[in-house]
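Shown next, in structure tokens, is the structure this report addresses.
Bear in mind these aren't lab numbers, they're just calculated from the coordinates by the rules spelled out. Every value quoted in this text rests on a predicted model; they were computed, and no experiment measured them. Cβ sites come from the backbone with ideal geometry, for glycine too, and all protein chains shown count toward neighbours.
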Amino acid sequence: MKPIIEIEKLSKLYRLGSISANTFQDSLKNWFHRIKNSPPATADKSSSRLMIDPNDPQAGPEPNTLWALRDISYELQEGEILGIIGRNGAGKSTLLKILTQITEPTSGQAVLRGRTASLLEIGTGFHPELTGRENIYLNGAILGMKKKEIDSKFEEIVDFSGIPKFIDTPVKRYSSGMYVRLAFAVAAHLEPEILLVDEVLAVGDVEFQKKCLGKMKNVSKSGRTILFVSHNMQAIKQLCTQTIILDKGRMIFSGSAESAVDKYLGDGLSLKGEQIWDHTQTAPGDDIVRVHSVRVMNTDNRSRTQFDVRDPMTIELKYTVYEDGHQLATQIYLFNDAGQVILNTKDNKDSPWGDRCIPKGSYCARCTVPADLINEGQISIGIGIGTVGPSYFIGHVTIYDAVIFAVTDAFDPEGVRGNYPFEWKVGDIRTHIPWKVERLEN
Amino acid sequence: MNPINQETTSSYQIHIRPNKSWHHMNWHAIWEYRDLLFLLVRRDFVSKYKQTILGPLWFILQPLATTIVFTVVFSRVARIPTDSIPPMLFYLCGLIGWMYFANCLNYTSTTFVTNAGIFNKVYFPRLIIPFSVIISRFLAFIIQFVMFIGFYIFYKFFTPASDTFHLNPAALIFFPLLIMLTALLGLGMGLWLSALTAKYRDLTQLTTFLTSLWMYATPVIYPLSLIPAKWHKVMALNPMAGIVEAYRYCFFSVTVGNLFFYMLSSIIMTLIILISGILIFNKTERNFIDTI
């Protein structure tokens, strides 16, 4: 039998520097310069801020081009669930975007033999003025369902979402939890032969995430083929029958989910206490907000990669807001080395703009994770910034592995461990919990 | 790996590869997504009137208020002739035809910019969006047209001006074609502009400004008969000139002798703009995501 997905030498070249800064004015200037035979203005600009080192293995054939994906070949049989893991910028999303036809490959080809649906985001196309019912139809159709299909699954979708009472209420009156539930309910009822999923499980509360994972498992049991991109190693291990690791655009490993996850975690993340993006265009974010630097510091205000469990950790990020009129929420995630979230914190309560629109300008946000809280291990910091609306959350910035540091527990009787001499890597949190031990008189 | 074999048993097969030829259009896929088309039309329409107090009344108020302003300024003050048709009717007729065109153009011209979020996350034939715009704008046109018929009946039967104009049944046969021509021209121009605004964001501001100027180059506030004979060839270069005049010809039977020449020019230009617009839109659709 022919594989349901065949990928052959798929590559994608990105051109940096020409990103959206294009204005009609610039083009006119270039044209004018060409007439006068003088060097064009934008070429000047881009050569003075060359962003890719030509010796970089990812560098493309021309200056400022980058192979986001290079010579990926793979065959997947029907019913298999392929996990795709890799660090930021490894090409996972690019691969998914090519397979979903959102963008074209530069070379190579792929054949998908079956009805395909993609889930790169939930709630795509939701309109706040429309009711839950209307949005189910609209969102379903955007994801590729026919109206008849939605009709037949409508009751199930409403049941799954758990909000039948509000189905005729405009979604702008929904809480963000209800919004996510409804959006996922629609997505969960897609029944394609091939499903391409990107990390959508990272939403909602734990209970709901469990429900979603369960749903995904059911879907896979029914013989459908799934491509699943995730940072959640636990989910990869639970769901996938095989897994590939991408690194800098290339496929560096393929095998069982177990072995891939082991290799991925074994390679370890290189520690970095600071990350700075020098160029606005490559800084993570969009037209509304971009992050320029993230670092993690001790009390001495210097970025570090090693912390004692008794050190407080201050995470600092600097960002620029380019547009007025957005109420932003900044979140910091702490991931353990299995890729699970240990802690999430938001700035809403303490920021002066926590409950109102933030004016444009540059900002520095700091938060301190108290000493004596996080257990030994490698901690990776994720950053998210988004606009908070009455019923929606629009993400502007998502950074995984922004900084990575190690927390260690010195063998020191003053520490939380007291004089317990062995490795103690149980649980993500280890704080000093007061004990009272008494001898009972007989 | 063996070269990828295209024969298959499944009815669905997607073959992904670079540089599909420039004229490749997947019309079949658009048909597959027809349900989405109608849901988008519904969304446009419903969301527009849910946000306002007056609701669908806005569709009527806007051309009505503009017509009253035109009547005062251009007819009473500037004394621009209206082919002896009651000024109110004259402006209203030209205006709703023009507005259908201008709305199609303006709302499709921002297709890429306003839908970047969706386009970045899910694939469907992008032409669905502009198509949904011309259909939902058509619904607004219908509402406005019904209002026009109301005024038409009023002027025809209840005012002394009734002899100055009469219906032209022969021309009315072509009325549906005329509406289609208006929509397709607006679509074609909008597709062109959407491709340009995807590349040059600063053109967005220019679009609305240019369309309002374009209206004055079109016989909306003046009859074509006001144009000196030697300028007709220049005037016919504006594809909307003939279309707006033809709207009035259908209902008032008054026009200049060479309307046929104007219409021929409109049809040819519409076809050129539309076909080239679809091609350039199609080209933009394929690499737009890489530039945002």
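Couple of notes before you dig in:
- In degrees, nearest ten, helix B:57-70 long axis to first principal axis of chain B (Cα): 50 degrees
- Theoretical FRET efficiency, 1/(1+(r/R0)^6), r = Cβ-Cβ of A:ARG439 and A:MET1, R0 56 Å, to 0.05: 0.20
- For the peptide A:104-111, the mean number of other protein chain Cβ atoms found within 10 angstrom of a residue's Cβ is 5.
- Binned Cα-Cα distances of chain A, short to long, each 10 Å bin given as a whole percent: 4, 17, 26, 27, 18, 6, 2, 0, 0, 0, 0
- Taking every C-alpha pair closer than 8 Å and separated by at least 6 residues, the mean separation divided by the residue count of chain B gives a relative contact order of 25 percent.
- Between 0 and 90°, nearest 10: helix B:259-287 axis offset from chain B longest Cα axis: 30 degrees
- Distances between placed amide hydrogens fall under 5 Å for A:HIS292 paired with A:LYS318, A:TYR319, A:THR320, all partners being 5 or more residues away or on another chain.
- Highest mean packing first, where packing is the average number of other Cβ atoms within 10 Å per residue, the peptides A:273-285, A:425-437, A:377-389 line up as A:377-389, A:273-285, A:425-437.
- Shape category assigned to the stretch A:131-171 from the gyration tensor of Cα positions, a/c cut at 1.5: oblate
- For the stretch A:226-237, 3J(HN,Hα) per residue [Karplus equation, 6.51 cos²θ - 1.76 cosθ + 1.60, θ = phi - 60°, Hz, x = Gly/Pro]: 10, 10, 10, 9, 7, 9, 8, 4, 4, 5, 4, 4
- Note on chain B: with charges restricted to the Cβ of Lys and Arg (+1) and Asp and Glu (-1), its dipole about the Cα centre is near 360 debye.
- For the stretch A:71-267, the dipole from Cβ point charges (+1 on Lys and Arg, -1 on Asp and Glu) about the Cα centre works out to 200 debye, to the nearest 20.
- Sites matching trypsin sites (Lys or Arg not before Pro) across the stretch B:41-81 that sit in DSSP coil, with at most 14 neighbouring C-beta atoms within 10 Å: B:ARG79
- The order of the peptides B:264-274, B:239-249 by mean Cβ neighbours within 10 Å, most packed first, is B:239-249, B:264-274.
- Averaging the sequence gap over all C-alpha pairs within less than 8 Å and six or more residues apart, then dividing by the number of residues, gives the stretch A:71-267 a relative contact order of 35 percent.
- 10 Å Cβ neighbours from other chains, averaged over peptide A:116-124: 3
- The mean sequence distance of close C-alpha pairs (under 8 Å, at least 6 residues apart), as a share of the length of the stretch A:274-408, puts its relative contact order at 29 percent.
- Spin-label pair A:LEU271-A:GLU155: with each label point 7 Å from Cα along the Cα-Cβ axis, the two points sit 5.9 nm from one another.
- ³J(HN,Hα), Karplus 6.51/-1.76/1.60, whole Hz, each residue of the stretch B:40-47, x for Gly, Pro: 5, 4, 4, 4, 3, 6, 5, 5
- By DSSP, the beta bridges lying fully in the protein assembly as shown are antiparallel in about 75 percent of cases.
- Exceeding the 20 Å Cα-Cα cut-off - candidates A:LYS217/A:LYS237; A:LYS147/A:LYS172; A:LYS97/B:LYS283; B:LYS48/B:LYS199; A:LYS12/A:LYS92; A:LYS248/A:LYS318: A:LYS147/A:LYS172; B:LYS48/B:LYS199; A:LYS248/A:LYS318
- The distance linking the stretch A:149-197 with the stretch B:256-292 is 40 Å (Cα centroid to Cα centroid, whole angstrom).
- Distances between every pair of Cα atoms in the stretch A:274-408, grouped in 10 Å steps from 0 to the bin holding the largest one, split as 12, 44, 32, 11, 0 percent.
- Each peptide in A:131-140, B:92-101 was scored by the mean count of other Cβ atoms within 10 Å over its residues; highest first, the order is B:92-101, A:131-140.
- Cross-link reach list, aspartates and glutamates versus A:LYS210, counting only Cα pairs under 16 Å and skipping chain neighbours closer than eight places: A:GLU199
- Volume in Å³ per residue [convex hull over Cα atoms, computed for the stretch B:28-136]: 129 Å³
- With N the number of residues in the stretch B:33-280, Rg(Cα) / (2.2 N^0.38 Å) evaluates to 1.04.
- Taking 16 Å as the straight-line reach from the Cα of A:LYS153, the lysines in range (excluding those fewer than 8 positions away in the same chain) are A:LYS215.
- Sparsely packed trypsin sites (Lys or Arg not before Pro) within the stretch A:231-325, loop by DSSP, other Cβ within 10 Å at most 14: A:ARG302
- Positive dipole terminus of the protein assembly as shown, leading residue within A:VAL291, A:GLY125, A:PRO434 (C-beta point charges): A:GLY125
- Kirkwood hydrodynamic radius over Cα pairs of the stretch A:71-267, then Stokes diffusion coefficient at 25 °C and 0.890 mPa s, in µm²/s: 140 µm²/s
- Per-residue shielding of B:197-205, expressed as the average number of other chain Cβ atoms within 10 Å of the residue Cβ, stands at 3.
- Against chain B, whose longest principal axis is taken from its Cα atoms, helix B:87-109 shows a tilt of about 10°.
- Residues with amide H under 5 Å from that of A:HIS396, placed H, sequence gap 5 or more: A:ILE385, A:GLY386, A:THR387
- Partner aspartates and glutamates for B:LYS50 [C-alpha distance under 12 Å; skip if fewer than 8 residues away on the same chain]: A:GLU129
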